[in-house]
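The values are calculated or read from the model by the stated rules, or taken from the named source; none is laboratory data. Being a predicted model, the structure only gives us computed values, none of them experimental. We place every Cβ from the backbone using ideal geometry, glycine too, and count neighbours over all the protein chains shown. Calculation scope for accessible area: heavy atoms of the full protein, side chains included, ligands and nucleic acids excluded. Shrake-Rupley method; radii C 1.70, N 1.55, O 1.52, S 1.80 Å.
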Amino acid sequence: MKTRFIKFLSLAAVILVLAGCGPSAHVETSRNANFDRYRTFAWAEKKDRRGRSGNSTMMENQIRDAISGRLESGMGWRQVSRNPDVILSYDVLVERSSRLESDSRYSWGGFRTFYNPYSRRFYNVYYPSRFMGYDNYEVPTKEGTITVTMVDARTDETVMQGWASDEVNSRRISGKEIDRIVNAIFRKWESGTRYNNQYNDRRGNPRNSGRY
């Protein structure tokens, strides 16, 4: 019974660690927005200070594809070239950060040899190692943040802005890292939308949103 309980605690600890390793996401939505009437989207044009359109990098294309994919497959929206319901834009930031690591520290363990003068023999005594605590230290890392902004095409009002951060390997965020960060934003948004809809439906109030 004790062994089963220890195994259960170990499994629970692993699950908690894995759950805490995902990107940290935040979402803010306008209380005036009615997302039920949105069906189409388009991307804002990227221009430099002189008003000229710039060429997109591979990373930028991957970010747009990841966001568009979530809207199309998860919400049934369509990307259009004329008269969209919402305009999308994004921002990417990679900055230096650090991660706290911990190493377990144990006392010395092993055998020591003693001499018995009465029997004139040597004998060994085993001393088990004991847990002494943790050695904590910081490991330098890079943190990538993607921010997705959604604007109502008719009113120019920002109706949704979500952002998530996660540890990345370099200043150029990889495709897998982009998918992980973007998915965290949309999971947060979709879960908050479902909660607000259920809450307002029970109260019989119009659907609205906020920060979650």
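Which FRET efficiency value, to the nearest 0.05, do you get for residue 190 and residue 61 by plugging their Cβ-Cβ distance into 1/(1 + (r/R0)^6) with R0 = 22 Å?
After rounding, the FRET efficiency stands at 0.35.
Note the full-extension length gain between residue 24 and residue 139 as 0.36 nm times their separation in residues minus their Cα-Cα distance, in nm to one decimal.
Answer, rounded to one decimal: 39.5 nm.
FRET efficiency for residue 157 and residue 75, Cβ-Cβ distance as r, R0 = 22 Å, nearest 0.05?
Taking R0 as 22 Å, the efficiency between residue 157 and residue 75 is 0.70.
Using a 1.4 angstrom probe on the protein heavy atoms only, line up 176, 46, 188 by accessible area, largest first.
Listed by decreasing accessible area, they come as 176, 46, 188.
In nm, give the distance between the simple-model label positions of residue 44 and residue 95, each being 7 Å from the Cα along the Cα-to-Cβ direction.
Spacing of the two 7 Å Cα→Cβ label points: 2.0 nm.
Computing the accessible area with a 1.4 Å probe over protein heavy atoms, can you report the carbon and sulfur percentage for the stretch 66-160?
46 percent
How far apart, in nm, are two points set 7 Å out from the Cα along the Cα-to-Cβ line at residue 31 and at residue 105?
Between residue 31 and residue 105, the simple spin-label model gives 5.2 nm.
Using mean Cβ contacts within 10 Å as the protection proxy, how do 134-140, 24-30 order, highest first?
So the order, starting with the most tightly packed, is 24-30, 134-140.
Taking the solvent-accessible surface of protein heavy atoms with a 1.4 Å probe, what is the per residue accessible area of the stretch 65-131 in Å²?
79 Å²
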